[in-house]
Structures are given as structure tokens and as C-alpha cells.
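Here is the structure we will look at.
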Amino acid sequence: MTRRLILFGIASLFLTAFASVSFAQNDAIRSAIGDKYVISAKAGGVNYVEGTVTVLRNDGTSGVLVKGDRVEVGDKVTTGAGGRAEILLNPGSYLRMTGNSGFHFKSTSLDDLRVSIDGGSAIMEVFASDDFVVEVETVSGDFSLVRSGVYRVDIENEKGSLSVIKGRAEVANAENTVVKKGREAIISEDEDVTVAKFDSKDKDELDAWSKARSKELAKMTASLKPKTFRDSLLTSFDMRGWNMYDSFGLWVYNPYTGFYCFLPFGSGWASPYGYWYRYDIWSYRLPPRTYYPPYRPTTPPTGTPNTPGTSGRTRAEAPSKPARPASPTSQRTSSPMARPQRSTPPFARMPSSSSSRSTMDSSPAPMRSAPVYIPAPAPSTSRGDTAKPSRP
């Protein structure tokens with residue numbers, strides 16, 4: 001009897017150690033001790049897996065992909081028949097694959113995100129702007145997702161097509177062919193581009209599942225109550241885990257649900273599908289220092305402070321950006337040293353117009369007035385955070 005108890009104790013210790021090591025590989029353990037939530041701004045997290053999903057790593061190893069894993073550049077992910085997977089892109093954006101599909105990252109840089117769809121079908125729910133264009137490669141041609149929206153890629157008979165459910169895309173050809181909402185672009189073998197309307201009522205299980213996931217994840221953001229989440233958010237900031245100038249928001253891992261959800265920086269945001277998030281960064285009343293850039297721009301800001309407009313969000317004028325090249329995928333650089341110094345956060349520079357917002361072709365539909373953004377003041381010799389960012 002005693003021997004059995006000893007063996008049982010050894011086995012329990014072994015299983016506990018194994019579980020600890022496995023869980024340590026998950027990003028959820030990479031936060032300050034005692035935090036209930038984990039804050040991240042990285043792309044590549046595996047947020048949902050159903051059925052058989054495998055990965056061939058860039059180093060030649062392979063295995064089964066599970067929720068909590070991370071997909072790095074060059075790792076090829078494949079779903080089996082009946083399999084599904086949800087991968088985190090830049091904060092607020094998701095890639096969802098159905099069975100018998102595959103993809104890999106060409107780059108996971110938040111302002112140079114490039115995804116290759118290798119086969120099957122995938123839907124991308126994306127936040128995008130002039131500074132955060134998502135590049136998509138297919139077997140027959142490449143596309144640029146230039147506005148926030150919902151996009152579907154289908155690979156069939158060695159041909160790739162892009163359907164714009166919401167948003168706006170461009171074909172990476174000499175003409176930068178525009179693909180608007182409700183239209184599908186098909187690139188033939190001789191690189192001819194055909195753009196035509198598609199039947200928006202023709203939906204399958206992938207369309208229904210992607211929309212249901214968006215609704216569920218928006219509810220998770222609405223559960224991030226300030227009293228329980230504020231401390232984790234501030235701790236992550238103090239550990240330099242995030243700032244407001246690299247993305248539209250944050251990935252938040254909620255241990256109670258087991259999923260990452262999106263916390264936007266701009267107030268009043270809804271998902272590209274139209275589901276309101278309820279909470280945003282302004283809901284947590286963080287110290288004023290959290291709203292200022294981690295570095296000062298090389299030249300004084302040329303813009304003026306934002307003022308709320310009739311549409312609910314305006315933006316400070318930013319230095320003009322050079323025209324995007326005809327083939328952005330091949331000419332972009334992901335070097336951090338090449339990125340311009342930013343005097344306003346990305347959410348404040350999102351396109352805004354009542355006409356485009358009504359069709360969800362640009363920034364998310366506001367549910368209330370956006371915060372007034374004011375650039376950081378000059379360094380002060382006095383102690384403490386005296387200046388405060390304005391709020392609506």
C-alpha cells in the first residue's frame with residue numbers, strides 16, 4: 001500500500017511538472033506574477049482549434065497545433081477535413097480557416113503584416129489603414145487589404161480569389177485594381193484580373209462560424225470590467241508590454257474564457273462585423289503617462305489637437321505619406337529603424353467620413369464620441385504626471 005502511494009505521488013509530481021512546462025510555453029504565463037489577464041500586441045497566437053490542425057515548423061519539425069501555440073514566420077499550418085483554426089493577426093484582426101486549408105506568415109510585423117494562403121478557404125476579419133495594410137499572397141496573385149473589413153480568400157484549381165464582404169482591397173498589379181464591398185477579384189494564370197459582383201447570400205459554414213466568433217469575442221471584451229482588469233493593464237504597461245503608438249489596441253488573454261479578445265485604444269469601436277466592444281482603453285482611467293509616446297518625434301508635430309466632429313471621430317493632421325508602390329509586398333521593409341516617428345497613435349489617424357463609415361469601409365462605427373487626442377507636452381522638470389489627456 002505504501003509503495004502504491006509513493007508511486008502515485010511520483011506520478012503526480014511528474015504530471016504536474018509536465019503541465020507546468022507545457023503551460024509555460026503559452027503566452028498566458030508570460031506576465032507579471034499575480035496578474036489575472038495577459039496583455040500582448042503580437043501576431044501569430046493560436047486562439048481556436050477544432051479537429052485536426054497540423055504545423056510544419058520553419059526548422060523542419062512538425063506536430064499538432066493546439067490552442068495557445070504560436071505560429072512564427074515560415075511555419076506552415078494545415079487543417080484536416082473538418083478542422084478549423086483561428087489565428088491572431090495584428091490586434092483586432094483574425095484569420096479563420098476551414099477544413100483542408102493552409103497558410104503561413106511571410107511577416108508578423110504589425111505595420112507590415114503579410115499572410116500567404118496556401119490552399120482551401122480563409123476569412124480575415126481585419127482592422128487596416130494607410131499605415132497598417134495587410135498583404136495577402138495567393139498562388140495566382142497578391143492582394144492588399146487597405147481598409148477595415150471582412151475578406152474571404154478561396155483557392156481552387158490553382159487559382160486564388162478574394163471576396164470583399166466588407167472593406168476595400170487592391171490587387172497588387174500595375175494598376176492597383178480596386179476591389180470594393182460586394183465584389184470578388186480573380187487572377188487568371190496570365191495575371192489578368194476579373195472583378196465582378198458575388199452573391200452575398202451565398203454563405204457556408206465558414207462564413208457563419210467566423211461571424212459567430214466575432215460576436216463571441218466582442219462579448220469577451222465587454223466582460224473586461226475596470227475593477228478586475230485595470231491593474232493587469234497598468235502592470236503590463238509598466239513592464240513595457242505595450243504603447244498606444246504601435247497598433248489599434250491590445251490582445252487580452254482572459255483565463256476565465258481561455259481566449260484572447262481585442263481591447264481597442266479608440267473609444268466607441270465596433271468589430272468589422274459590427275459588434276460593439278463596450279470597453280476601450282479610456283474606460284480604465286489609466287495614469288496620463290500611458291497616453292504619451294515612448295519617444296519624441298524628430299520634428300515638432302505639425303498637426304492640431306483632435307476635436308470631436310459630427311461623425312464622432314476626427315484625427316490630427318499628420319505628415320503626408322508617399323504613394324504606396326504598385327507591388328507593396330516586394331518593396332516594403334519591416335525594419336524597425338525604417339519606421340517613421342509617430343506623433344499621433346494609429347487609432348487617431350484612422351480614416352473617418354460619414355459616407356465610408358455607413359458602409360463599414362473605413363474606421364469602426366462609433367457608439368459614442370471619440371476621445372480628444374492631444375500630443376504629449378514637452379518634458380517637465382517638475383515631478384509627477386501633471387498634464388492629463390483630454391477626454392470627451
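Some observations on this one:
- Considering only residues in the range 103-124 that are in contact (Cβ under 8 Å) with a residue 60 or more places away in the chain and touching a Gly at 6+ places or on another chain (Cβ under 8 Å), the one that is surrounded by the fewest Cβ atoms within 10 Å (Cβ to Cβ) turns out to be 108.
- Verdict on residue 150 being β-branched (Val, Ile, Thr) and at pLDDT below 95: no
- Filter result (closer than 20 Å to residue 112 by Cα and not hydrophobic (A, V, I, L, M, F, W, C)) within the range 137-169: 137, 138, 141, 142, 144, 147, 148, 149, 151, 152, 167, 168
- Options 304, 314, 257; residue that is out of contact with any His (no Cβ under 6 Å at 6 or more places or on another chain), part of a loop (DSSP other than H, G, I, E, B) and modelled with pLDDT of 50 or more: 257
- Residue count, the range 48-67 (criterion: among the small types (Gly, Ala, Ser), touching a Ser or Thr at 6+ places or on another chain (Cβ under 9 Å) and not in a strand (DSSP E or B)): 1
- Applying the condition of being among the small types (Gly, Ala, Ser) and in contact (Cβ under 8 Å) with a residue 40 or more places away in the chain to the range 146-165 and asking which residue is farthest from residue 210 (Cα to Cα) yields 160.
- Applying a threshold of 8 Å to beta carbon distances and a minimum spacing of six or more residues, or different chains, the list of pairs starting in the range 166-190 at a residue that is touching a residue at least 60 places away in the same chain (Cβ under 8 Å) and buried (at least 16 other Cβ atoms within 10 Å of the Cβ) and ending at one that is in a loop (DSSP other than H, G, I, E, B) and of a type in the set (Phe, Trp, Tyr) reads 166/273.
- Pick from the range 197-213, criterion surrounded by fewer than 20 Cβ atoms within 10 Å (Cβ to Cβ) and small (Gly, Ala, Ser), ranking: nearest to the chain's Cα centre (by Cα): 212
- Condition check for residue 93: crowded, with 23+ Cβ neighbours inside 10 Å, free of Cβ contacts under 8 Å to residues at least 60 places away in the same chain and more than 23 Å from residue 187 (Cα to Cα): yes
The values are calculated or read from the model by the stated rules, or taken from the named source; none is laboratory data. Remember, predicted model here, so these are calculated numbers, not experimental data. When we count neighbours, we look across all protein chains shown, and the Cβ atoms used for this are built from the backbone with ideal geometry, even at glycine.
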